[in-house]
Amino acid sequence: MAGPVEGPKDATPVTDALNRAVLDALPFGDTQDFEDARRGFLGTLPEVEITNDQGRVVCSLRGYVFLDDEHAPPTVNPSLWRQARLNMHHGLFQVTDRIYQVRGFDISNMTLIEGERGLIVIDPLISTEVARAGLDLYTRHRGQRPVTAVIYTHSHTDHYGGVRGVVGDGDVRAGRVEIWAPDRFMEEIVAETVLAGTAMIRRAQFQFGATLPKGPRGQVDAGLGKVTSRGTVTLIPPTRTVEAPIEAHRIDGIEIVFQLTPETEAPAEMHMFYPALRALNLAENATHNLHNIYPIRGAQARDANAWARYLNEAIDRFGRDAEVVFAQHHWPVWDNRRVLDYLGKQRDLYKYLHDQTVRLMNHGYKAAEIAERLTVPKGLASTWHARGYYGTLSHNAKAVYQRYIGWYDANPANLNPLPPVERGKKYVEYMGGAGAVIRRAREDFEKGEYRFVAEAMSHVVFADPSNTDARRLGADALEQLGYVAESATWRNAYLLGAFELRQGQPGAVARAPISPDVIMAMSLDLFFDYLGVRLNGDKAEGLTIVINWVFSDLGRRYVLNLEHCALTYLADRESDRADAMVTLDRAVLDRLILRETPLADAVQRGLVSIDGDPAKVAELFGLLDDFALMFEVVEPKRER
Ligand SMILES: [Zn+2]
């Protein structure tokens, strides 16, 4: 790119005015959340900077001292600034009798319950390093206790990945530690992280801003917490599963009533009530923000109606007895009156979002129109925990729409539009060329019309990614949008977009990491699904390959069929017209997927035996793509 790279810029007068208006619109005098976020504080590390065994930092709050200032700078929405300061509270906190939380060591919380013999660990964060540091902190303040059980509230990485930091395989195998999870926990983890994993990891950079510089002109928060840790992700499969809608169990002497809440914040999720402790744990269905019906990292749209329904059931069943409610993010709410007020508002927030979107949809409004039209009811607008620090009403309304009737707005002009590059070129041509578009956009930028300037410049960049002026103006517009965003995820997305327009496409092409524990937990069906999504359809043109698979240690057979550029399979079948039969153990399969052993080596070393035509097996593996993590987002896809 021509000229020096431009750095983050100041807030424009328009942005400054918008952010100052927020100070008058919201009840900043209400500081109850700060009291709650501090309540029960027992201690923390002198500095939260947690490293792995090689000394690499996996989680650090060191870069956030700028948040000590109570007043937001013009480059940060004051409402988000407040949330970012609340999310700075870190360390060990007592929630109530026997219940403790480690907060701020990751984006999520680790909850610890003192049982009769030892400690129940709920949601051991994302990586082993931070989970171990959290448990050590607990031990320093409360003494050594053996972990007697682990409970995963749901199937997202920030709620299980650190498990090997708090418990070892041996203790689980020997039955000394039980691992509890909601129904369908394993299936949902593996399906999400394996099949769509690469796309989600790259897109998550835009949601969480983990690769952005931190600062008043950079990442300040992730809404739901500060930042995601980047250490060793592990998984130990559950030994106990909650399968009925309501189940009560005594775990290490603590009575726990589980309430399954499938298809809410996660496809497999559950609430817990601890009757003797009068404490309610709502996993991730009631947090101090409007959550995501659709996270912008990409996911299947969630069910806002079910979300509200399960919260309503939790209020009905447990509300009258709960003296404290907490979640696996953020801080608790104490006192029954406040608990009920909080839960009622959270329930109504999701119900309103769902019902009003569907109502407007049935009146014929398009998703973008609904997103523009919906505002929070007055009774919720001044409620801090109903604000959109993580999800927004706007993108959540689009997700509700999508869940019912999909991406298409029914206007046939939008049924088959040109793809981004061709569309960009035509727009630029119709608008009188890139120079004319940029001139008009500069005028609009001065007026603060950042949304359209960003869109127009994106057309110019897709028409010609080498147009430096368009990239710079597009970056400037995204940046101001980031500065006024109340949602941390929108801010992160805008600012990373600006960063990549200015710096150019990041060069690293490493494959996205998949945890070995997750690979080992894949079912054989999912393994063949995974092969299917890696099949390069162009290369497979005209080829027919049939392979019988025998997993000798499991006594399972599969037949895999390549035809018409599609890989299909059947379990417990064998084809008599197969080109080859591949025999191996499950552990060898894991090593092949993890690339610890190339196929040719495995054959040579006798770990894989092939009867029939080995060339056909090699040919099939040669048709499989690898996915590079750092694909283009804000500019045209380059063929490699
Ligand atoms: Zn979470």
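The values are calculated or read from the model by the stated rules, or taken from the named source; none is laboratory data. Note that the structure is predicted; figures quoted are calculated from it, not measured. FYI the Cβ positions are ideal-geometry reconstructions off the backbone, even for glycines, and counts take in every protein chain you see. With ligands, DNA and RNA removed, areas are computed over all heavy atoms of the protein, side chains included. Shrake-Rupley method; radii C 1.70, N 1.55, O 1.52, S 1.80 Å.
From largest to smallest, the equivalent ellipsoid semi-axes obtained for the range 286-362 from the alpha-carbon gyration tensor read 24, 15, 10 Å. Measuring spread by the Cα atoms of the range 47-139 yields a radius of gyration and Dmax of 15.3, 52 Å.
Computed with a 1.4 Å probe on the full set of protein chains, the accessible area for His90 sits at about 50 Å². Sorting the segments 80-88, 404-412 by their residues' average number of neighbouring beta-carbon atoms within 10 angstrom, most packed first, yields 80-88, 404-412. Cα to Cα, under 22 Å, and not fewer than 8 places away if on the same chain: which lysines meet these conditions relative to Lys447? Output for Lys447: Lys9. Accessible surface area normalised per residue over the range 485-584 is 44 Å², counting heavy atoms of protein chains with a 1.4 Å rolling probe. Computed with every protein chain present, the accessible area of Thr211 is close to 70 Å² [probe 1.4 Å]. Longer than 22 Å from Cα to Cα, which of Lys425/Lys637; Lys426/Lys539; Lys366/Lys426 are they? Say none if no pair is. Pairs exceeding 22 Å: Lys426/Lys539; Lys366/Lys426. When peptides 303-310, 261-268 are sorted by average Cβ neighbour count within 10 Å, with the highest value leading, the order is 261-268, 303-310.
Counting only residues at least eight positions apart within a chain, or on another chain, the aspartates and glutamates with an alpha carbon under 18 Å from that of Lys616 are Asp538, Glu541, Glu563, Glu574, Asp576, Asp579, Asp601, Asp625. Listed by chain and number, the lysines whose C-alpha is less than 19 Å from the C-alpha of Lys351, apart from same-chain residues fewer than 8 away, are Lys378, Lys398.
Centroid-to-centroid, using Cα positions, the range 449-490 and the range 131-195 are 42 Å apart. Using the rule -39500 (n - 2.57) for each DSSP H run of four or more residues, divided by the residues of the chain, the 222 nm mean residue ellipticity is -11500 deg cm²/dmol. Mean projected area of the convex hull spanned by the Cα atoms of the chain, taken over all viewing directions: 30.8 nm². Residue ranking by accessible heavy-atom surface, 1.4 Å probe, largest first, among Cys59, Cys565 comes out as Cys565, Cys59. With both residues required to sit in the chain, DSSP beta bridges show an antiparallel share near 75%. In the complete set of protein chains, residue-level accessible area for Lys351 is approximately 80 Å², probe 1.4 angstrom.
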